[in-house]
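Here's the structure, in structure tokens; my notes come after.
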Amino acid sequence: MPTQDEIYEKVAETLVDALGLDDDEVTPEATLVGDLGAESIDFLDIVFRLEKTFDLKIPRGELFPENLTAGDPELVQEGVVTDKGISMLKEKLPFADVEKFASDPKVENIGDLFTVQMVVNYLGQKLAG
């Protein structure tokens, strides 16, 4: 099984290729959308490339779930993710830094969960079985 550093290197290389970035733009803290400019169509390409690189299957919506809160009033109130919503995010995204997001849980910040490190964490868990 590859080390976290080896996983990171392959993820960084994948993102550089998929998004047309320079090597130095990809850091563990970089958000895929805000910092690296990924768009929804890019997520499909990234998943495909990661599957090929790591020789594994990533079920649709597992790494990049869609409509996480989907306007559910129990999960979001007045543009802020509720405690129940935070719990749901922790359940759906155990590999993301939900605690950091919980310090400012505005819906507009939800994209900040999708960092390079989150992808590395996901793959580490997936490869560990």
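The values are calculated or read from the model by the stated rules, or taken from the named source; none is laboratory data. Keep in mind it's a predicted model, so treat the numbers as computed, not measured. Every residue, glycine among them, receives a Cβ derived from its backbone with ideal geometry; neighbour counts consider all protein chains shown.
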Inset, instruction - Could you list, in sequence order, all residues of the range 89-99 that are part of a helix (DSSP H, G or I) and surrounded by 19 or more Cβ atoms within 10 Å (Cβ to Cβ)? - result: 89, 98
Legend entry - Residue check, residue 15 among the aliphatic types (A, V, I, L, M), surrounded by fewer than 17 Cβ atoms within 10 Å (Cβ to Cβ) and either out of contact with any strand residue (DSSP E or B) (no Cβ under 9 Å at 6 or more places or on another chain) or outside any helix (DSSP H, G or I) (or both): no
Inset, instruction - Answer yes if at least one residue in the range 100-113 is β-branched (Val, Ile, Thr) and in a loop (DSSP other than H, G, I, E, B), and no otherwise. - result: no
Inset, instruction - Of all residues in the range 18-35, count the ones that are without any contact (Cβ under 8 Å) to a residue 60 or more places away in the chain, farther than 23 Å from residue 52 by Cα, exposed (fewer than 15 other Cβ atoms within 10 Å of the Cβ) and in contact with a helix residue (DSSP H, G or I) (Cβ under 8 Å, 6 or more places away or on another chain). - result: 0
Legend entry - Complete set of residues in the range 18-47 that are farther than 20 Å from residue 112 by Cα and in a helix (DSSP H, G or I): 23
Legend entry - Single condition residue 124 does not satisfy, out of (1) part of a loop (DSSP other than H, G, I, E, B); (2) touching a residue at least 40 places away in the same chain (Cβ under 8 Å); (3) of a type in the set (Gly, Ala, Ser): (1)
Legend entry - Residue under evaluation residue 58, criteria (1) among the β-branched types (Val, Ile, Thr); (2) surrounded by 15 or more Cβ atoms within 10 Å (Cβ to Cβ); (3) modelled with pLDDT under 95, criterion not met: (3)
Inset, instruction - Working only within the range 31-72, note down all residues that are among the aliphatic types (A, V, I, L, M) and more than 18 Å from residue 127 (Cβ to Cβ). - result: 32, 33, 36, 38, 41, 44, 68, 70
Inset, instruction - Go through the range 103-129 residue by residue and tally those that are farther than 19 Å from residue 32 by Cα and surrounded by fewer than 15 Cβ atoms within 10 Å (Cβ to Cβ). - result: 5
